[in-house]
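Chemist: Here it is: the structure, laid out below.
The values are calculated or read from the model by the stated rules, or taken from the named source; none is laboratory data. Note that this is a predicted model, so its numbers are computed, not measured. Cβ sites come from the backbone with ideal geometry, for glycine too, and all protein chains shown count toward neighbours.
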Amino acid sequence: MTAQTAAKTILLSAGGTGGHLYPAEALAEELLARGYKVAIITDKRGHAFKSLGERVNIYTVRAATLKPGLIAKIRAIVDMKLGILSALCLIFKIKPALVVGFGGYPSFPGVLAAQMLCRATVLHEQNAVMGKANVWLAHRARRIALSLAGTRGLSESQQKKTIVTGNPVRAPIIAVSRIPYTPPETAFKILITGGSQAASVFADVVPEALKDLPESIKSRLYVMHQCRENDLKTTAEKYAALGIRAETASFFSDMADRLAACQLFIGRSGASSVAELAVAGRPAIFVPYPGHQDMQQKHNADIIAQAGGAWVFLQPDFTPAALAAKIRAFAEDPAILTRAAEAAATCGQPGAAARLADLVGEEAGAP
């Protein structure tokens, strides 16, 4: 800690899904270690930052996505305006040296308020395609930190403000990278998550895919399936009926441990999921969320797939038969997954939080 850093407050503006929250959490840890004061402005899901304890001040403002329907749109606009007003009051009060936005609608009030008050702002974009909130804020941001080179959606003038830092990953996930990957030669552990949208497609497809596998493979399987609350009971019953050992839960709090143990990940390809799997060096089957017009999750997944560390299925192609064929091939030739784990690790960026913190330090000290 230095007198220079200790006197400065960095305000992180992040909320919504884990894809935005986890990088902010990782940066907060890095900044605290360097002696900065850290505050976070977020939405009602700010409880996600509980791991930071009392070391940071967490402020909640209203924010909302623009949903279909006139009433929903009016409500969202009102919430956003109230959120911006609250953020203006907060920034005027705490006078941060820099505000860092992590994209998503909940980050918008904090960053826009800072820009309205002529405070320096830095944006971090996790995805391979710029999100809408960051696009709207980019022209007044001092710098734009990217997770991936070649990120789409930036104008020529905005490109000049970019720097590739990588996507910050939490320390427990980085620790997984030091645990060697074990191929499924005896037990075959599969970790499944449905992403922030809690997709039911995995609860529908995965048990059906495993049903017709040879008993010699089914007896080796151990499934860890994070699924929607509404799907828990029926999904658990499906695995039990197949005689497959399985855990089902709406949330796994020990995700790092499960990632370390798994030999195959199946799930969405949000930016944080992709970054964490790459750092951990674990092979994956990605099924990108189909609801994004810009197909940002597919672009995220393609980075690892092109390196040989993952397989990408568009949701219409993610059928029980197609998945069963893959799992059978992996079970019969575990070396396929070993090679994929090694390839995934080549895409990992464990130093991303430090690089982003370096940028924050530079811009917080700039006149």
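Chemist: Within segment 267-308, how many residues turn out to be touching a strand residue (DSSP E or B) at 6+ places or on another chain (Cβ under 9 Å) and not aliphatic (A, V, I, L, M)?
Modeler: Number satisfying all stated conditions: 16.
Chemist: Do any strands (runs of 3 or more DSSP E) entirely within segment 1-119 hold 2 or more residues that are modelled with pLDDT of 85 or more and touching a Leu at 6+ places or on another chain (Cβ under 7 Å), and if so, which? Break it down stepwise before answering.
Modeler: Working: elements: 9-13, 37-42, 57-60, 98-101.
Correct list: 9-13, 37-42, 98-101.
Chemist: Go through the residues of segment 151-158 one by one and say whether even a single one is in contact with a Phe, Trp or Tyr (Cβ under 9 Å, 6 or more places away or on another chain) and either part of a helix (DSSP H, G or I) or not aromatic (Phe, Trp, Tyr) (or both).
Modeler: Within segment 151-158, not a single residue is in contact with a Phe, Trp or Tyr (Cβ under 9 Å, 6 or more places away or on another chain) and either part of a helix (DSSP H, G or I) or not aromatic (Phe, Trp, Tyr) (or both).
Chemist: Which one of these does GLN126 not meet: (1) touching a residue at least 24 places away in the same chain (Cβ under 8 Å); (2) farther than 25 Å from ALA149 by Cβ?
Modeler: Unmet for GLN126, out of (1) touching a residue at least 24 places away in the same chain (Cβ under 8 Å); (2) farther than 25 Å from ALA149 by Cβ: (2).
Chemist: Within segment 285-326, track down each residue that is in a strand (DSSP E or B), over 15 Å from the mean Cα position of the chain (by Cα) and either crowded, with 22+ Cβ neighbours inside 10 Å or modelled with pLDDT under 95 (or both).
Modeler: Once the filter is applied, which keeps residues that are in a strand (DSSP E or B), over 15 Å from the mean Cα position of the chain (by Cα) and either crowded, with 22+ Cβ neighbours inside 10 Å or modelled with pLDDT under 95 (or both), segment 285-326 yields ILE285, ALA310.
Chemist: For the condition touching a strand residue (DSSP E or B) at 6+ places or on another chain (Cβ under 7 Å), within 30 Å of ALA171 (Cβ to Cβ) and among the aliphatic types (A, V, I, L, M), what is the one hit in MET224, MET255? Show your work before the answer.
Modeler: Working: MET255 fails: touching a strand residue (DSSP E or B) at 6+ places or on another chain (Cβ under 7 Å).
Result: MET224 is the single residue among MET224, MET255 that is touching a strand residue (DSSP E or B) at 6+ places or on another chain (Cβ under 7 Å), within 30 Å of ALA171 (Cβ to Cβ) and among the aliphatic types (A, V, I, L, M).
Results for (1) surrounded by 17 or more Cβ atoms within 10 Å (Cβ to Cβ); (2) assigned by TED's automatic domain parsing to the domain that holds SER200; (3) more than 25 Å from the chain's Cα centre (by Cα); (4) without any contact (Cβ under 8 Å) to a residue 24 or more places away in the chain, shown as yes or no for each residue.
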| position | (1), (2), (3), (4) |
| --- | --- |
| GLN226 | yes, yes, no, no |
| ASP231 | yes, yes, no, no |
| ILE244 | yes, yes, yes, no |
| GLU247 | no, yes, no, no |
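Chemist: Additional query: Would you tally the residues in segment 212-242 being of a type in the set (Ser, Thr, Tyr), in a helix (DSSP H, G or I) and within 15 Å of ARG328 (Cα to Cα)?
Modeler: The qualifying residues number 1.
Chemist: Right, something else. Anything in segment 270-283 that is over 15 Å from GLN126 (Cα atoms) and not in a helix (DSSP H, G or I)? List them, or say none.
Modeler: Within segment 270-283, GLY281, ARG282, PRO283 qualify.
Chemist: Please indicate, with yes or no, whether at least one residue in segment 259-269 is in a strand (DSSP E or B) and over 13 Å from LEU191 (Cβ atoms).
Modeler: At the first step, the residues of segment 259-269 found to be in a strand (DSSP E or B) are 264-267.
Applying the additional criterion that residues be over 13 Å from LEU191 (Cβ atoms) yields none.
No, segment 259-269 contains no residue that is in a strand (DSSP E or B) and over 13 Å from LEU191 (Cβ atoms).
Chemist: Taking segment 230-271, which residues are touching a Lys or Arg at 6+ places or on another chain (Cβ under 7 Å) and over 22 Å from GLY291 (Cα atoms)?
Modeler: Result: LEU242, GLY243, ILE244, PHE252, LEU259, ALA261, CYS262, GLN263.
Chemist: A further question follows. Within segment 129-168, which residues are small (Gly, Ala, Ser) and either surrounded by 20 or more Cβ atoms within 10 Å (Cβ to Cβ) or over 22 Å from ALA352 (Cα atoms) (or both)? Explain how you work it out, then say what you get.
Modeler: The initial filter retains those residues of segment 129-168 that are small (Gly, Ala, Ser), namely 131, 133, 138, 141, 145, 147, 149-150, 153, 155, 157, 166.
Those that are small (Gly, Ala, Ser) and either surrounded by 20 or more Cβ atoms within 10 Å (Cβ to Cβ) or over 22 Å from ALA352 (Cα atoms) (or both): GLY131, ALA133, ALA138, ALA141, ALA145, SER147, SER155, SER157, GLY166.
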